[in-house]
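The values are calculated or read from the model by the stated rules, or taken from the named source; none is laboratory data. Since this is a predicted model, take the numbers as computed values, not measurements. Note: ideal-geometry Cβ built from the backbone for every residue, glycine included; neighbour counts use all protein chains shown. Ligands, DNA and RNA are excluded from the accessible area calculation, which covers all protein heavy atoms including side chains. Shrake-Rupley method; radii C 1.70, N 1.55, O 1.52, S 1.80 Å.
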Amino acid sequence: MYPINRSSTRLALRELSVEDVNAVLAIYGSPQATEHLSFEPRSREQVGQIIARSIAGATERPRREFSLAVIERKSSALVGFGRLALDPHQQRGATMGFALRPEAWGASYGVEMVRLLLSVGFDDLNLHRIWGARSPWNEASARTMAAVGMVEEGVIREHVLKGGVWRDSVVHAILESEWRAAPAARPPAAGGQPTK
């Protein structure tokens with residue numbers, strides 16, 4: 001499925017482009033933004049490689065990964081990065097990851113962004129289960145996932161090695177039936193139904 005283009009009241013998801021390197025670097029290169037992620041801040045070269053792989057993978061058939069720019073509709077600025085990766089070990093399952101620029105924190109963009117990602121997964125890709133993992137200390141991520149109906153399922157012990165220290169991950173997941181049963185969890189439409 002290409003290209004992904006879905007929007008809500010304030011945000012839109014779109015495919016990444018080579019022009020996005022600096023904007024993604026403001027997330028993936030930021031010690032503040034990556035504090036609870038599973039990796040250390042990336043260099044500009046590393047971000048360029050990530051974007052190049054994402055662009056190449058976007059047109060593969062079948063497409064297994066959806067790395068998407070999160071755009072603020074009013075300004076057209078890239079404020080976040082979202083990812084859905086189909087899980088080869090689970091039928092109709094995917095993992096999800098997301099991050100926002102620190103300047104965009106506190107505006108409830110996280111909730112809107114995750115709703116858009118879940119909408120792609122359930123409404124476009126016909127998935128059954130989507131899950132994500134967070135740092136035990138990332139309370140903002142915990143609140144975001146709870147707000148969209150994701151259920152905390154448990155802990156993967158010593159799942160991430162970061163800064164030479166093993167860290168647990170807390171797993172949150174949502175099923176298609178839970179998504180369909182909770183219309184309030186869906187993205188607020190931008191002048192009607194979310195666009196594809």
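Summary of computed values
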| quantity | calculated |
| --- | --- |
| For R83: the one exception among (1) open to solvent by less than 60 Å² (accessible area, probe 1.4 Å); (2) touching a residue at least 12 places away in the same chain (Cβ under 8 Å) | (1) |
| Pairs, first free of Cβ contacts under 8 Å to residues at least 24 places away in the same chain in segment 17-30, second open to solvent by 30 Å² or more (accessible area, probe 1.4 Å) and not β-branched (V, I, T), C-beta under 8 Å, six or more apart | N22/R44; L25/R42; L25/R44; G29/P41; G29/R42; G29/S43; G29/R44 |
| Residues satisfying the stated conditions in segment 6-22, i.e. among the small types (G, A, S) and within 16 Å of A58 (Cα to Cα) | S17 |
| Selection from segment 111-137 of residues that are outside any loop (DSSP other than H, G, I, E, B) and open to solvent by 10 Å² or more (accessible area, probe 1.4 Å) | V111, E112, R115, D123, D124, R129, W131, A133, R134 |
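Listed here are the residues, each with its yes/no results for (1) more than 20 Å from L37 (Cβ to Cβ); (2) touching a residue at least 12 places away in the same chain (Cβ under 8 Å).
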{"residue": "V70", "(1), (2)": "no, yes"}
{"residue": "K74", "(1), (2)": "yes, yes"}
{"residue": "F98", "(1), (2)": "no, yes"}
{"residue": "M113", "(1), (2)": "no, yes"}
{"residue": "G132", "(1), (2)": "no, yes"}
{"residue": "E139", "(1), (2)": "no, no"}
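Quick grid of which residues meet (1) at pLDDT below 95; (2) farther than 22 Å from H172 by Cα; (3) in contact with a His (Cβ under 7 Å, 6 or more places away or on another chain):
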site	(1), (2), (3)
R63	yes, yes, no
I71	no, yes, no
L78	no, yes, no
L84	no, no, no
P88	yes, no, no
G93	no, no, yes
F98	no, no, no
A104	yes, yes, no
